[in-house]
1. Just give me the residues in segment 131-145 being in contact with a strand residue (DSSP E or B) (Cβ under 8 Å, 6 or more places away or on another chain) and touching a residue at least 24 places away in the same chain (Cβ under 8 Å), in sequence order.
2. Just give me the residues in segment 55-84 being over 32 Å from the mean Cα position of the chain (by Cα) and of a type in the set (S, T, N, Q), in sequence order.
3. Scan Leu31, Leu87, Leu42 and give me the residue that is in a helix (DSSP H, G or I), within 21 Å of the chain's Cα centre (by Cα) and buried (at least 18 other Cβ atoms within 10 Å of the Cβ).
4. Yes or no: Arg181 in contact with a strand residue (DSSP E or B) (Cβ under 8 Å, 6 or more places away or on another chain), among the charged types (D, E, K, R) and not assigned by TED's automatic domain parsing to the domain that holds Ser41?
5. With respect to the numbered conditions (1) surrounded by fewer than 16 Cβ atoms within 10 Å (Cβ to Cβ); (2) out of contact with any Pro (no Cβ under 9 Å at 6 or more places or on another chain); (3) within 16 Å of Pro271 (Cα to Cα), which one is the sole condition not fulfilled by Gly369?
6. Find the residue count for segment 30-49, including only residues that are over 18 Å from Ile2 (Cβ atoms) and either outside the structural domain of Ile155 (by TED's automatic domain parsing) or free of Cβ contacts under 8 Å to residues at least 60 places away in the same chain (or both).
7. For segment 99-134, enumerate the residues that are of a type in the set (A, V, I, L, M, F, W, C) and either within 26 Å of the chain's Cα centre (by Cα) or closer than 16 Å to Leu165 by Cβ (or both).
8. State all residues of segment 105-134 that are surrounded by fewer than 16 Cβ atoms within 10 Å (Cβ to Cβ), at pLDDT below 85 and in a loop (DSSP other than H, G, I, E, B); if no residue qualifies, say none.
Amino acid sequence: RIIEFLAVMKLREERGLGPVTGRRSGAIITLVGPPGVGKTSLGESIARALGRKFVRISLGGIHDEAEIRGHRRTYVGALPGRIVRALKEAGTKNPVVMLDEIDKVGADWRGDPSSALLEVLDPAQNHTFRDHYLDVDLDLSEVLFIPTANVADTIPGPLLDRMELIRIDGYSEFEKVGIARDHLVRRQLERNGLNDGEASFTDDALGQVIADYTREAGVRNLERELGKVLRKVATKIAAKELEPPVSVEDVKPYLGKARFQFEAADRTATPGVATGLAVTGFGGDVLFVEAAVTDGDRGLTLTGQLGDVMKESAQIALSYVRAHAEQLGIEPVWNDKRVHVHVPAGAVPKDGPSAGVTIVTALASLASGRPVRATVGMTGEVTLQGRVLPIGGVKQKVLAAHRAGLREVILPKRNEPDIDDVPESVRNDMTFHPVSDVSEVLQIALEQPATQAA
């Protein structure tokens, strides 16, 4: 989309048509993605490609509408709003203005800044934007606004309707190795006082840092860990303990023991544990759903800071398993016991319907005594009839599964087209199982029952 926008501008310039101005001429390109994926850097690159000035406005935590529209001049210490100040700072009427962290705008008794942004970010209105301090119409139609956000869910609906979303969902391990080799290592060498040839990383060492020390969607922690290694190398060179050039082939002596392990095999070895996939503000993540049965009153206990939607998903999952007990091979006595479902980590709030199939699988695994296959992760909303409904964030969830060492992903049939968004290197590494019914999920996810010897 960004390349198309630049291409249209170039074509109009070549054909002597000039820039589009006036009503409905602006473009609001919103970059949505986890921290550290390069949203701000991308905005700077767009400004550089267009040959325009770049201005960044941080909206995180602002509560006052006057921050956008300015104060009336009758007040002592009145100032123009941030939009006008950004134009003044740029010194031009067509800069690239980045509205950082637009999903974290607050509201209180002083007004709602997101309501003031409705006019700024509407191409049909922003050619006559009026700042309270200037009190004259200001044409913002030539300004390229690039809002950024970690999640689109917290952006108010009317504001979201005015935006064109571009999702940056994170990077695969292969892409991270390339980014580190071509950009991050060079930058950290310069920051730690080392010349280009004095220290280097092998691709295996970079892969080790990515897999064992940083499990994230972006590359911010990766750069931090590379900086830590190079600081230790610089210290040894300064102390004459090492002679450059230094090739780092194993990062364990520099970074210590690995912080992340591939734990899916250990966790799912016991019946009643299933591996689910989720999306957070920091990208995709893997979560484990645990189920247990205890004596006591018939009912359902839920723990793990679950939200209302996720609690309802657990109720639906239990009702489905009990309704289909016969075909799942569950003894009737199991129906009269108390079921406990827990989703670690207990300190992290969780919500959403996409864990439905995971909870059904955990309960079916517990009831049948068949463990869940360790290489399988799953996502999808489930209905009382056992239908698997589509969910969002497929790319982020698949990347998280790949980072966690899973090699098979079960997802709703209607999400099958979303697999095309996943990087080819990850697609070739994994097997996808599009399903439309829970019975298909259980057939794929559960280990086959052991055949009795004759």
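The values are calculated or read from the model by the stated rules, or taken from the named source; none is laboratory data. Because the structure is a prediction, the values reported are computed rather than measured. With ideal geometry, Cβ positions are generated from the backbone for all residues, glycine too; neighbour counts draw on all protein chains shown.
1. Asp131, Leu138, Asp139, Leu140, Val143, Leu144, Phe145
2. Matches in segment 55-84: Thr74 only.
3. Leu42
4. The answer is yes for Arg181.
5. Here Gly369 meets the rest and fails (2).
6. The qualifying residues number 0.
7. Step one: of segment 99-134, the residues of a type in the set (A, V, I, L, M, F, W, C) are 99, 102, 105, 107, 109, 116-118, 120-121, 124, 129, 134.
Selection gives Leu99, Ile102, Val105, Ala107, Leu117, Leu118, Leu121.
8. Gly106, Ala107, Trp109, Arg110, Ala124
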